[in-house]
Amino acid sequence: MSAGHSVSGEFDAATRAIMPAQGSLALHLLRHGEVQRFTGRVVRGHLDEPVSAAGAEQHQRLSAWWARHHARPDLLVSSDLVRCADLARRVSAACGAPLRLDARLREQSMGAWEGRTWEQLTREDPAGVTAWWDGYATARAPGGESLADLAARVEELWRELLAGDPGRRVVLVTHIGVIRALLCRLLGLPLGEALRFAPAAASHTALELAAAGAVLLACGERPWLRVPDAHEAAQALGPAPRLALSGSAGTGKTTLGRRLAADLGLPFLEEGMRRRLVEGLDLHRHTTRDLVRLMHELWDEQVAAEDAARDGFVADRSSADFAAFWIHYGLLHDREATEEWLGRALARLLRYDRILLLPWGVLPLADDGVRSTNRWSQFQFQATVEGLLARHAPRGRLLRVPPTDDLAGRLAAVHARLAGRP
């Protein structure tokens with residue numbers, strides 16, 4: 001069996017040569033989080049205890065991380081014990097995959113030892129506990145099952161899964177004993193080596209399986225600890241958060257905004273100018289009066305959409321952009337109208353919980369047939385809106401999106417800062 005997967009996430013040449021181009025199965029093993037009342041070295045086995053408050057939080061963050069970073073699974077199967085089912089239901093809800101519960105994914109039964117600590121058992125029956133650890137793969141607790149027994153029932157389920165179409169993504173939500181047994185089975189190791197694997201609570205283990213063998217991609221990783229997720233950001237923002245994006249065309253507002261809205265479970269408010277441009281609006285043919293009329297139409301639409309979204313929103317434009325448009329299009333000749341317009345637009349910044357300013361010049365300015373490809377015209381607008389926000393954004397509400405062209409990196413940074421982390 002090959003372990004030819006590099007730190008970079010790419011298969012090495014030897015592994016690529018033996019793996020088929022198609023038909024490999026992606027297997028993801030998710031271990032449940034902290035269990036209620038049993039946070040120490042307690043023998044749990046088949047005890048059906050729910051997760052603790054900390055465990056529920058771990059499940060929420062792990063499921064949110066999964067949905068952001070992985071494709072929707074073709075098959076989602078979970079142990080029927082509540083500590084796994086809770087995580088599996090969150091994953092199902094986050095990625096829209098149907099869930100199946102299966103008792104064959106339960107933890108190893110520990111019989112009469114369940115609910116007691118290893119310290120108690122060792123004190124009362126030191127010889128029995130020593131014999132159990134010495135014969136880890138085949139020894140049974142009184143009234144329980146061995147790891148070999150567990151592996152046999154998991155093998156039955158595994159053969160059923162293999163009978164399906166190749167090329168699938170399978171997620172199993174289960175316990176440490178099952179994960180250890182599967183890793184030994186798939187990596188060609190004897191069950192006696194199972195204790196070499198120690199995936200943490202609320203962790204992710206992944207393998208790529210093909211006719212030539214298995215590649216271990218991750219074992220017991222907890223990436224949700226490193227990157228604050230949407231749940232944490234939403235909690236920090238409170239109920240009905242109002243977020244607005246700001247910046248010139250081509251900075252990635254719409255792409256980031258849609259993903260952010262999906263992560264936070266909020267409606268995404270499209271800006272009205274793009275729709276008009278797609279429908280054939282030619283700004284070059286507009287008189288000054290036409291531009292003023294258009295600005296008022298767009299403003300009224302935006303205000304109405306924001307006011308209607310009572311449970312919060314992510315808007316593709318902030319009111320500062322409307323102030324910048326007024327200046328950018330040279331509508332300053334009417335001093336009274338300018339003061340009224342800028343005053344109204346800048347005052348509305350108080351209504352946003354956060355204003356996300358995207359950087360100029362990071363993404364290539366693609367010719368989409370709609371926006372101007374004159375990067376210096378876009379720079380002029382960007383400089384205007386940045387100046388307005390620097391002066392008028394309420395203290396602590398302006399969030400500068402980092403200058404990276406990686407969407408995942410942008411999202412991670414935004415979630416971190418929304419959650420109050422640097």
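Just so you know, all these numbers are worked out from the coordinates, no wet-lab data involved. Nothing here was measured: the structure is a model prediction, and the numbers come from that model. Here the Cβ is made from the backbone with ideal geometry for all residues, glycine too, and neighbour counts use every protein chain on show.
With neighbours defined as other Cβ atoms within 10 Å of a residue's Cβ, the residues 384, 138, 287 order from fewest to most as 287, 138, 384. Per-residue Karplus couplings for the range 46-57, computed as 6.51 cos²θ - 1.76 cosθ + 1.60 with θ equal to phi - 60°, are listed in order as 8, 4, 9, 9, x, 6, 6, 4, 5, x, 4, 5 Hz, Gly and Pro entered as x.
In the chain, if the dipole is taken from +1 on Lys/Arg beta carbons and -1 on Asp/Glu beta carbons about the Cα centre, which of 47, 130, 117 is farthest to the positive end? Farthest towards the positive pole: 117. Each DSSP beta bridge with both residues in the range 13-222 is either parallel or antiparallel, and the antiparallel ones are about 50%.
Here the chain carries DSSP beta bridges of which approximately 40% are antiparallel, counting only pairs with both residues inside. Relative to the longest principal axis of the Cα atoms of the chain, helix 147-162 runs at roughly 50 degrees. Using only Cα atoms, find the angle between the long axis of helix 407-418 and the longest principal axis of the chain, and express it within 0 to 90 degrees, rounded to the nearest 10. The two axes meet at around 90 degrees. A simple count of charges around residue 407, restricted to other residues whose Cβ falls under 15 Å of its Cβ and scoring Lys, Arg +1 and Asp, Glu -1, yields +2. For the range 293-305, putting each phi into the Karplus relation 6.51 cos²θ - 1.76 cosθ + 1.60 with θ = phi - 60° gives couplings of 4, 5, 4, 5, 4, 4, 4, 4, 5, 5, 4, 4, 5 Hz, in residue order, rounded to whole numbers and with x for Gly and Pro. With neighbours defined as other Cβ atoms within 10 Å of a residue's Cβ, the residues 110, 295 order from fewest to most as 295, 110.
Only the Cβ atoms of Lys and Arg (+1) and of Asp and Glu (-1) were treated as charged; on that basis the dipole of the chain about its Cα centre amounts to roughly 580 debye. Of the listed values (1) 21; (2) 41; (3) 29, grab the one calculated as percent of Cα pairs over 37 Å apart from the structure here. It is the value labelled (2). In the chain, helical runs assigned H by DSSP with n ≥ 4 each contribute -39500 (n - 2.57); averaged across all residues and rounded to the nearest 500, the mean residue ellipticity at 222 nm is -13500 deg cm²/dmol.
By the count of other C-beta atoms within 10 Å, a proxy for reagent exposure, 404, 174, 251 are ordered fewest to most as 404, 251, 174. With a Förster radius of 35 Å applied to the beta-carbon distance between residue 74 and residue 254, the computed FRET efficiency rounds to 0.75. With the cut-off at 1.5 for a/c, could you classify the range 13-222 from its C-alpha gyration tensor as rounded, prolate or oblate? Taking the square roots of the gyration eigenvalues as a ≥ b ≥ c, the range 13-222 is oblate. Estimated from the Cβ-Cβ distance and a Förster radius of 45 angstrom, the FRET efficiency linking residue 163 and residue 408 is about 0.85.
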